[in-house]
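See below for the structure under consideration.
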Amino acid sequence: MVMMYKIVEDFLILEYKQSYNSYKVLEFEPVSELSIEVKNLENEEVQKFSEMEEFWSTYGPFSSIIVILGTLASCLSIVCCFNSFRRNLEIYEESPFNPANGSQV
């Protein structure tokens, strides 16, 4: 059991040293066009997210209310259709034109 912890500890120490060395190499490496482009892309993404946050802080409650009202309207129309179907089905079941009633007109 102790041997397993020693192996894991050695692995983690080696991994840490490799990560630290690669970090130092990247830190002292001159800035390339790719890293400048990546920074510009990151800044653009940050700007997009801040614009989205501003939009949702302004219009978020209104859009939520509109979505809820739209959902209610569509569900209400479906419920009305089912109620109409049920009423017409009850009328048809009691109708003399229903072959299941057995009366001929």
For this session: Answer yes or no: is there a residue in region 96-105 that is part of a helix (DSSP H, G or I), of a type in the set (V, I, T) and without any contact (Cβ under 8 Å) to a residue 12 or more places away in the chain.
Result: no
For this session: Scan region 47-61 and give yes if some residue there is at pLDDT below 90, of a type in the set (A, V, I, L, M), more than 30 Å from N101 (Cα to Cα) and out of contact with any strand residue (DSSP E or B) (no Cβ under 9 Å at 6 or more places or on another chain), otherwise no.
Result: yes
Problem set entry | From E44, E90, E51, residue being more than 41 Å from the chain's Cα centre (by Cα) and surrounded by 10 or more Cβ atoms within 10 Å (Cβ to Cβ) | E90
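The values are calculated or read from the model by the stated rules, or taken from the named source; none is laboratory data. Because the structure is predicted, anything quoted here is derived from the model rather than measured. Positions of Cβ are backbone-derived with ideal geometry, glycine not excepted, and every protein chain shown enters the neighbour counts.
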